[in-house]
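Trainee: So that we are looking at the same thing, I have put the structure below in structure tokens.
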Amino acid sequence: MQATAARVVVRDGGIEIHGYVVAHEGNHVRVMWVVASGRHRQRTFSAETVFLPGHDHRWDGYLIPFEKLAVIRLAAR
């Protein structure tokens with residue numbers, strides 16, 4: 001998994017999150033996503049629970065502008 005603003009699907013403990021990778025260190029991936037109210041959330045997950053979208057893991061999240069992701073990724077370093 002690359003530490004880019006790639007779209008990802010997280011399946012962890014019965015939850016499914018559709019978001020973006022903002023940082024990746026070792027076996028941990030920091031993911032950012034938008035909730036229905038428009039607020040942004042971030043959390044670190046085990047890389048084992050983070051998947052690139054595909055046939056089995058369709059991405060259906062809210063879009064976050066590239067400029068906003070770029071600022072967040074810089075701050076996460």
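The values are calculated or read from the model by the stated rules, or taken from the named source; none is laboratory data. From a predicted model like this one, the values you see are computed outputs, not experimental measurements. Cβ sites come from the backbone with ideal geometry, for glycine too, and all protein chains shown count toward neighbours. Just so you know, the surface numbers come from the protein's heavy atoms only, side chains and all, with ligands and any DNA or RNA stripped out. Shrake-Rupley method; radii C 1.70, N 1.55, O 1.52, S 1.80 Å.
Trainee: Ser46 - would you say it is touching a strand residue (DSSP E or B) at 6+ places or on another chain (Cβ under 7 Å), modelled with pLDDT of 90 or more and hydroxyl-bearing (Ser, Thr, Tyr)? Quick ask: steps written out before the conclusion?
Mentor: Details: touching a strand residue (DSSP E or B) at 6+ places or on another chain (Cβ under 7 Å): yes; modelled with pLDDT of 90 or more: yes; hydroxyl-bearing (Ser, Thr, Tyr): yes.
When the stated conditions are applied, Ser46 passes them.
Trainee: Sticking with this one: Being touching a helix residue (DSSP H, G or I) at 6+ places or on another chain (Cβ under 9 Å), surrounded by 15 or more Cβ atoms within 10 Å (Cβ to Cβ) and not in a helix (DSSP H, G or I), is that true of even one residue in the range 1-9? Steps first, please.
Mentor: Residues of the range 1-9 that are touching a helix residue (DSSP H, G or I) at 6+ places or on another chain (Cβ under 9 Å), as a first pass: 1, 3-5.
Adding the requirement that they be surrounded by 15 or more Cβ atoms within 10 Å (Cβ to Cβ) leaves 3, 5.
From what is left, the residues that are not in a helix (DSSP H, G or I) are 3, 5.
The answer is yes; a qualifying residue exists.
Trainee: Given the conditions (1) within 8 Å of the chain's Cα centre (by Cα); (2) open to solvent by 70 Å² or more (accessible area, probe 1.4 Å); (3) at pLDDT 95 or above, and given that Arg30 satisfies all but one, which numbered condition is not satisfied?
Mentor: Failed condition: (3).
Trainee: Considering only residues that are of a type outside the set (Gly, Ala, Ser) and either modelled with pLDDT of 95 or more or surrounded by 13 or more Cβ atoms within 10 Å (Cβ to Cβ) (or both), which ones fall in the range 59-77? Break it down stepwise before answering.
Mentor: Here is the first cut: in the range 59-77, the residues of a type outside the set (Gly, Ala, Ser) are 59-60, 62-69, 71-74, 77.
Of everything in the range 59-77, those that are of a type outside the set (Gly, Ala, Ser) and either modelled with pLDDT of 95 or more or surrounded by 13 or more Cβ atoms within 10 Å (Cβ to Cβ) (or both) turn out to be Trp59, Ile64, Lys68, Leu69, Ile72, Arg73.
Trainee: Step by step: first the residues of the range 34-58, then only those that are of a type in the set (A, V, I, L, M, F, W, C) and open to solvent by 40 Å² or more (accessible area, probe 1.4 Å), then the one that is nearest to Leu69 (Cα to Cα). Which residue is that? Reasoning before the result, please.
Mentor: Narrowing the range 34-58 to residues of a type in the set (A, V, I, L, M, F, W, C): 34-36, 45, 47, 50-52.
From what is left, the residues that are open to solvent by 40 Å² or more (accessible area, probe 1.4 Å) are 35-36, 51-52.
Numbers: Val35: 15, Ala36: 18, Phe51: 19, Leu52: 17 Å.
Per the criteria, the residue is Val35.
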